[in-house]
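The values are calculated or read from the model by the stated rules, or taken from the named source; none is laboratory data. Note that the structure is predicted; figures quoted are calculated from it, not measured. Note that we place each Cβ from the backbone using ideal geometry, even for glycine, and neighbour counts take in every protein chain shown.
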Amino acid sequence: MVKNWVLVACQAKAKIFEIASNNHHFKLIKEMENPKAAMKNGDLETDRPGVARGPNGRTALRSKKGAKDHEMEVFSKQVLDEINKGRNSSQFEKIIMVVDPGFLAHLENHLKDTVKKTIFQTIPKNYINTPDKKVEDLLKDVVKDSFFAAAA
């Protein structure tokens, strides 16, 4: 029996569903949360910026990337670690990624080639707060036999 995965994610939460070829029903196998996603940059930063001396006096050193972007990067790596573990242990053949467009770029920046090869389709939508059954209904046409034929 072939098993495939569906990742539904945004910067605050991620869900991984398993779909077996014999019934095409979604089974939630992993749920991850990023509690820092709701925080503001000022709440995430613990220090004031450093100071550098230049020809015009002192200036504050600021990171080009804000603390919120950094936290999204950290969470995207955690999500991809789960995907990589699943792929390396042959828990799935193909994956559909349904990811909030604002978070998708963070995931794509860290995708390994072995996982890239398993991506059946990427859907830039935020379905994370959609009930699981409704997500299954929304993706039923994508999950049809072509998803499993591609994995065989």
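Which pairs have Cβ atoms under 8 Å, sit 6 or more apart or on different chains, and link a residue in the range 116-142 that is part of a helix (DSSP H, G or I) to one that is loosely packed, with under 15 Cβ neighbours inside 10 Å and modelled with pLDDT under 95?
So the pair list comes out as GLU136/HIS25.
Residues checked against (1) at pLDDT below 90; (2) surrounded by fewer than 18 Cβ atoms within 10 Å (Cβ to Cβ):
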site: VAL51; (1), (2): yes, yes
site: LEU61; (1), (2): yes, yes
site: ASP69; (1), (2): yes, yes
site: MET72; (1), (2): yes, no
site: PHE75; (1), (2): no, no
site: LYS94; (1), (2): no, no
site: ALA105; (1), (2): no, yes
site: LYS133; (1), (2): no, yes
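Just to be sure before I move on: is MET1 modelled with pLDDT of 95 or more and in contact with a strand residue (DSSP E or B) (Cβ under 9 Å, 6 or more places away or on another chain) in the structure I sent?
No: the conditions fail for MET1.
Please go through (1) closer than 15 Å to ALA14 by Cα; (2) outside any loop (DSSP other than H, G, I, E, B) for ASN109 and return the number of the only condition it doesn't satisfy.
Against the list (1) closer than 15 Å to ALA14 by Cα; (2) outside any loop (DSSP other than H, G, I, E, B), ASN109 comes up short only on (1).
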